[in-house]
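Peer 1: Please find one structure pasted underneath; my questions will follow.
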Amino acid sequence: MVLFGLVTAVGLGAVVFTGIYALSDVKVGGPLYDKIKLGNDLVADILPPPEYVIESYLEATLALNNPVGLATHRDRLVQLKKEYDERHEFWSKSDLNPTIKAKLVGESHREVQRFWTAVEQVFLPALAKSDMATAAKSYSEVTTAYLAHRALIDEIVKKTNDDNAAFEAGATQRVNTFTVILWSISGLVFLIIGGGIFGVGLGVIQPMTRMTDVMTRLARGELDTLIPSLNRGDEVGAMAKAGSTNLVDVVNYAEAVTKKGFVFMDTPGYDPVAATGQVAGGANLVCFTTGRGSVFGCKPAPSIKLATNSAMFKRMEDDMDVNCGTILDGEETVQQCGQRIFDLMLKTASGQPTKSESFDFGGAEFAPWVLGATM
């Protein structure tokens, strides 16, 4: 029992420790979270994001300052616009904060469209024609659109950072709350298990150990041994009551019983064979309990059949002598039903016929024990 308790406690402790360790590892502000956030921050610091057209503005600036490489800059601008459009579509369908989303896919996007319109329709064609005056004028419009876009991006970044900080603070608080709850529940479970183990040990294991010791002394012939737990109403009490009458003798099958009191006969579990051996040993009255309705007459000894449930008794009332199902039905106590059985035993021993005797049943129940399997 102690080993079981230790194994249970260690197993539960391992589960709790693993859960708390995993929670602390993946929580906001935990090691894994910090590594993921650090990687995202690094990428954000190195690569210009498609939704922020700073690289596109740089390519336009390089094209203006180096018209010879116009083809290369044009191809790069085409790729950058494609990437921007893809991310714009993504954010348009996202579940973003409504305020931030309105600025990103609405106000900022309008400035970006103005940026690309100037680049594609005026700026690049002017460079292709070596019209530097028009290109310079268009570049001024591109710059104006970019600066307006940049201002909106700064607002979006600030708002997003503020929201993220609030989310992280809230998430950290929730993790801390759940951690406290987990520790509290774990402590309660430990107490319940510990109390259960202590209760089982105190209320079941110790009484059964004492009962085993008592039965051992009774088996040695110490018949004056006091039997504990007689007043308990559970299985331990039932075990004690089974031994409340001293065992005076143990006999072999069909051996004559020579002592008065509680005698145990070594018989098989098959009822007709067991009863035959008891009658052969000197029993002149049989109390036969049945739950399914066994019609057992047991000549030459009267057989008082005790029905264990009322439903079966009502179906076979012509052959059942006593309905013990009244106990389960709540109509009488065990003591009251026992008194009825005892009164009927006295009447039967005095000559009153049992139900089986009134029908002349019982002549075919004689069944001696045949060594080997009995069906």
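Laboratory data are not the source of any read-out in this text; all were calculated from the coordinates shown. Just so we're clear, the structure is a prediction, and the values are computed from it rather than from any experiment. When we count neighbours, we look across all protein chains shown, and the Cβ atoms used for this are built from the backbone with ideal geometry, even at glycine.
Peer 1: Can you sort HIS109, HIS149, HIS73 from fewest to most other Cβ atoms within 10 Å of each residue's own Cβ?
Peer 2: HIS109, HIS73, HIS149
Peer 1: While we're looking at this one, here's another question. Could you point to the residue in ASN323, ALA275, CYS337 farthest towards the positive end of segment 249-358's charge dipole, with +1 and -1 charges on the Cβ of Lys/Arg and Asp/Glu respectively?
Peer 2: The Cα lying farthest towards the positive end belongs to ALA275.
Peer 1: Of the listed pairs LYS93/LYS137; LYS82/LYS158; LYS101/LYS129; LYS129/LYS158, which have alpha-carbon separations greater than 31 Å here?
Peer 2: LYS93/LYS137; LYS101/LYS129; LYS129/LYS158
Peer 1: Something else: Would you check segment 251-375 for Lys pairs whose C-alpha atoms are within less than 24 Å, ignoring same-chain pairs closer than 8 in sequence, and give me the count?
Peer 2: 13
Peer 1: Please report ASP360, ASP321 as a ranked list, fewest other C-beta atoms within 10 angstrom at the top and most at the bottom.
Peer 2: Going from least to most buried by this count: ASP360, ASP321.
Peer 1: Hey, another quick one. Throw me the Rg/Rh for segment 73-187, computed over C-alpha atoms with Kirkwood Rh, two decimals.
Peer 2: Rounded to two decimals, Rg over Rh is 1.27.
Peer 1: How large is the convex hull of the Cα atoms of segment 249-358 per residue, expressed in Å³ as a whole number?
Peer 2: With only Cα atoms used, segment 249-358 gives 108 Å³ per residue.
Peer 1: Here is a further query. If you take the C-alpha gyration tensor of segment 126-165, multiply each eigenvalue by 5 and take the square root, what semi-axes do you get, largest first, in whole Å?
Peer 2: Output for segment 126-165: semi-axes of 35, 8, 4 Å.
Peer 1: With 10 angstrom as the radius, rank CYS298, CYS324 by how many other C-beta atoms surround their C-beta, starting from the fewest.
Peer 2: Exposure proxy ranking, most exposed first: CYS324, CYS298.
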